[in-house]
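Remarks on the structure that follows.
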Amino acid sequence: MSMDLRVEDLSVAFPRSVAGPLTVLDRVAFEVQQGQFVALVGPSGCGKTTVLRCVGGLQAPSGGRIAIGGRPLAGVDRRVAMVFQSDSLFPWRTVAANVAFGLEVRRYPAQRAAAIVQDLIELVGLAGFERSYPHQLSGGMRQRVNLARALAVDPEVLLMDEPFSSLDMLTRESMQLELQRIWLRRKKTVLFVTHQIEEAVFLADRVLLMSRRPGTLRADVAVPHKRPRGTHDRHTPEFHALVDGLAESLGAELTDQGPAGRPVPALNA
Amino acid sequence: MISGVVGIAMWQFAAVSVVRNPLFLPTPLAVLTSGIEAIRTGELFTDINISLTYFAVGSALGFVGGVLLGVLLGASQKVADYVDPWVSAAYTAPLVALTPLLIIWFGIGLWSKTIIIALLVIFPVTIGTVAGIRSTDRSLLEVAASMGAGRLDTLRKVMVPWALSFILSGARIGVGRGVIGIFVAELFGGASKGVGLMITNAASVFNTPLLFVGIIVLALMGVAVTSALRYLERRMAPWRTQSVV
């Protein structure tokens, strides 16, 4: 049984006292095959993070279904782990203890947990920093810990919510390479939210473009570039064509030029 | 250091040139002499020993009680709704006025005195703990939730560690009140020894220098514990660049 992530007709609406419910997501549907890296991009406020929070069980949908391998997700699920935006590390815990958090909560035996933690610290390139505290680390290193903490519980699906948005450009690009290296080793199903089209195209097998509120899926673009991708891939005409095409549809979203529901031409690869 | 020297110099000046009556304001030298005399006879240490016992037991009781009550109130909104007003009332009420009543309840021994000190310490600690727990960073709570942490794990592994600085800040305020508690408890509590009683006795025979010795000793006890708590706070929460309160 493959462990595909399937999101069906996902809707989220928040009740408002005066104006009726605020629809944030409107019947969003997509599928992520097991081991695939999918990026979710869209203008700010389009609900891309809400999609992630629904899959992660932190937000209850008002309609629709989410399932992994045919088994539905209801609330927080052990098959899913989330990498949050910067500074969600526990400041009183060392690097090793931060990585161990999920294992403690899920009552892994201490010895097994320690082995997993050590393994992941090495994988994310933080060997030697096991006993450091988050405030002693750089932003990039903190995000490595964040990633290791989510990977430690060995989820089927890894959710990443703009994990590199607070990093400077150079650190961000090197972290993207690192993420690719780690992902190629572990081959997790990844749903990666970002507002940066370049980042989405560089990292993902597929880029899903969302429309402005109420968020719906507007385009589903495959990224054909071979892996492992390197810095040189950012400078190829194919890369730029993809980025520009997506940027154009995103721009249309922002200025409301495209009539609602119209599929974006040439992008539905 | 400089503030100490300047302060003592101003005191000396005020005592010699302004007040000019050692009964109203003794010179620092007179207080020092009186202090040395009290040390020489050994009486000062007997008094300190007794007062410190009340202080230590009372503060410890108050601290533990305050943290437990604070965690309970911080963790459960339902409990908080009922108990919060009582805590605020108890924090501001002049609890020292209860001392005579506590003596009727608990006798004139150790317990009545430690309990009045504990009562003064407990509520600032409670308020600090509640404030800390309620201010827990939302994203950290979401990390815990997304890992499937239960209520108890979230409390133990996220909220309480987060609240630690707030708890210690509450304890610092509590200790200041506890020192007042020593004096009041000994004054009304029928103590036979103790720094508070020493102050009362000195005052009744107009031994102003000895009265000052007592006040300085109590102040130093407060300063010592407060500094220790500050140190602990820095050691245990090094990621906070400044104290929360």
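Scan region B:56-66 and give yes if some residue there is of a type in the set (Ser, Thr, Tyr), under 23 Å from the mean Cα position of the chain (by Cα) and under 26 Å from residue B:170 (Cβ atoms), otherwise no.
Yes - at least one qualifying residue is present in region B:56-66.
List the residue pairs whose Cβ atoms are under 8 Å apart, where the first residue sits in region B:199-214 and is closer than 14 Å to residue B:43 by Cβ, the second is aromatic (Phe, Trp, Tyr) and in a helix (DSSP H, G or I), and the two are 6 or more positions apart or on different chains.
Final answer for the pair search is B:199/B:183.
With respect to the numbered conditions (1) part of a helix (DSSP H, G or I); (2) modelled with pLDDT of 95 or more, which one is the sole condition not fulfilled by residue A:159?
Result: residue A:159 passes all but (1).
Helices (runs of 4 or more DSSP H) wholly in region B:107-176 with at least 1 residues that are within 13 Å of chain A (Cβ to nearest Cβ) and closer than 18 Å to residue A:97 by Cα - which ones?
Helices (runs of 4 or more DSSP H) meeting the threshold: B:138-146, B:151-154.
Residue by residue through region A:16-56, note down the ones that are over 14 Å from the mean Cα position of the chain (by Cα) and part of a loop (DSSP other than H, G, I, E, B).
Selection gives A:16, A:17, A:18, A:19, A:20, A:21, A:33, A:34, A:43, A:44, A:45, A:46.
Which members of region A:64-86 meet the condition of being under 25 Å from residue A:144 (Cβ atoms), of a type in the set (Lys, Arg) and part of a strand (DSSP E or B)?
none
Does residue B:240 meet the test of being within 24 Å of residue B:59 (Cβ to Cβ), surrounded by fewer than 16 Cβ atoms within 10 Å (Cβ to Cβ) and within 14 Å of chain A (Cβ to nearest Cβ)?
yes
One line per residue, one yes/no per condition, for (1) touching a strand residue (DSSP E or B) at 6+ places or on another chain (Cβ under 6 Å); (2) buried (at least 17 other Cβ atoms within 10 Å of the Cβ); (3) assigned to a loop (DSSP other than H, G, I, E, B):
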residue	(1), (2), (3)
A:88	no, yes, yes
A:91	no, yes, yes
A:102	no, yes, no
A:107	no, no, yes
A:111	no, no, no
A:114	no, no, no
A:117	no, yes, no
A:121	no, yes, no
A:125	no, no, yes
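Any residue at all in region A:50-60 that is buried (at least 17 other Cβ atoms within 10 Å of the Cβ) and more than 14 Å from chain B (Cβ to nearest Cβ)?
Yes: one or more hits.
Every residue in region A:81-113 that is of a type in the set (A, V, I, L, M), more than 8 Å from chain B (Cβ to nearest Cβ) and in contact with a helix residue (DSSP H, G or I) (Cβ under 8 Å, 6 or more places away or on another chain), please.
Listed by number, the residues that qualify are A:83, A:89, A:95, A:96, A:99, A:100, A:103, A:113.
Quick one: count up the residues across region A:149-159 that are of a type outside the set (D, E, K, R), within 12 Å of chain B (Cβ to nearest Cβ) and either over 16 Å from residue A:68 (Cα atoms) or without any contact (Cβ under 8 Å) to a residue 40 or more places away in the chain (or both).
Total satisfying the criteria: 3.
Quick one: residue B:213 ticks every box in (1) crowded, with 20+ Cβ neighbours inside 10 Å; (2) within 14 Å of chain A (Cβ to nearest Cβ) except a single one, so which number is it?
(2)
Looking at the structure I just gave you, is residue A:221 part of a strand (DSSP E or B) and either of a type in the set (A, V, I, L, M, F, W, C) or modelled with pLDDT under 85 (or both)?
Against the criterion (part of a strand (DSSP E or B) and either of a type in the set (A, V, I, L, M, F, W, C) or modelled with pLDDT under 85 (or both)), residue A:221 qualifies.
Residue-by-condition table, conditions (1) on the phi > 0 side of the Ramachandran plot; (2) in contact with a Gly (Cβ under 6 Å, 6 or more places away or on another chain); (3) of a type in the set (A, V, I, L, M); (4) at pLDDT 90 or above:
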site: A:37; (1), (2), (3), (4): no, no, no, yes
site: A:43; (1), (2), (3), (4): no, no, no, no
site: A:46; (1), (2), (3), (4): no, yes, no, no
site: A:52; (1), (2), (3), (4): no, no, yes, yes
site: A:62; (1), (2), (3), (4): no, no, no, yes
site: A:68; (1), (2), (3), (4): no, no, yes, yes
site: A:78; (1), (2), (3), (4): no, no, no, yes
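Could you please give the count of residues in region A:135-148 that are more than 11 Å from chain B (Cβ to nearest Cβ) and exposed (fewer than 15 other Cβ atoms within 10 Å of the Cβ)?
Count: 1.
Go through region A:62-86 residue by residue and tally those that are within 18 Å of the chain's Cα centre (by Cα) and either in contact (Cβ under 8 Å) with a residue 60 or more places away in the chain or within 18 Å of residue A:9 (Cβ to Cβ) (or both).
13
Mind listing whichever residues of region B:147-184 are of a type in the set (Lys, Arg) and crowded, with 19+ Cβ neighbours inside 10 Å?
If the condition is that a residue be of a type in the set (Lys, Arg) and crowded, with 19+ Cβ neighbours inside 10 Å, then B:157, B:172, B:177 are the ones that fit.
Out of contact with any helix residue (DSSP H, G or I) (no Cβ under 9 Å at 6 or more places or on another chain), of a type in the set (S, T, N, Q) and away from chain B (no Cβ under 14 Å), is that true of residue A:118?
no
So which of B:168, B:164 is touching a residue at least 24 places away in the same chain (Cβ under 8 Å) and over 17 Å from the mean Cα position of the chain (by Cα)?
B:164
The values are calculated or read from the model by the stated rules, or taken from the named source; none is laboratory data. For clarity, every value in this text was computed on a predicted model and none was experimentally measured. Counting neighbours? That spans all protein chains shown, and the Cβs are built from the backbone with ideal geometry, glycine included.
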